[in-house]
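The values are calculated or read from the model by the stated rules, or taken from the named source; none is laboratory data. This one's a predicted model, so the numbers in the text were calculated from it and none came from an experiment. Cβ sites come from the backbone with ideal geometry, for glycine too, and all protein chains shown count toward neighbours. Quick note on the areas: whole protein, heavy atoms, side chains included, nothing else; ligands and nucleic acids left out. Shrake-Rupley method; radii C 1.70, N 1.55, O 1.52, S 1.80 Å.
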Amino acid sequence: MSDTRTPAQIEADIISRREQLAVVLDEIGVRVHPKTIIGDAKAKVASTVDRTAGRAYVAVNRSVSDVKAQFVSEDGSPRLERVIPVALLVVGAVVLLTVPARRKRR
């Protein structure tokens with residue numbers, strides 16, 4: 001396995017490898033620069049927040065649709081047999097919470 005390259009070819013190869021190494025070192029320098037690291041971390045956090053917010057939106061939307069389906073029929077009319085008892089419970093709770101407050105003021 002003899003090397004038949006000339007000294008000029010070897011020197012050209014060394015110069016080429018130095019240039020490649022310089023490019024790699026520059027790239028490493030950019031990757032480990034604090035601004036790059038912070039930017040990457042911010043992008044990752046923003047992506048995670050967006051994904052989490054999207055999942056939360058879908059879950060809330062599904063829950064609201066489920067609750068709405070309990071009180072509204074498929075044709076869009078209210079289901080009075082379910083709306084009236086809930087309304088009465090809400091009114092009763094408001095009355096129970098406000099009556100003791102009025103008695104304490106006197």
Matching residues, the range 35-64, being under 14 Å from the mean Cα position of the chain (by Cα) and open to solvent by 70 Å² or more (accessible area, probe 1.4 Å): LYS42, LYS44, VAL45, VAL49, ASP50, ARG51, THR52, ARG55, TYR57, VAL58
Qualifying residue in the range 81-102 (condition: among the basic types (Lys, Arg), loosely packed, with under 10 Cβ neighbours inside 10 Å and assigned to a helix (DSSP H, G or I)): yes
Residue selected from the range 1-34 under the condition among the hydrophobic types (A, V, I, L, M, F, W, C) and outside any helix (DSSP H, G or I), by the criterion most open to solvent (accessible area, probe 1.4 Å): MET1
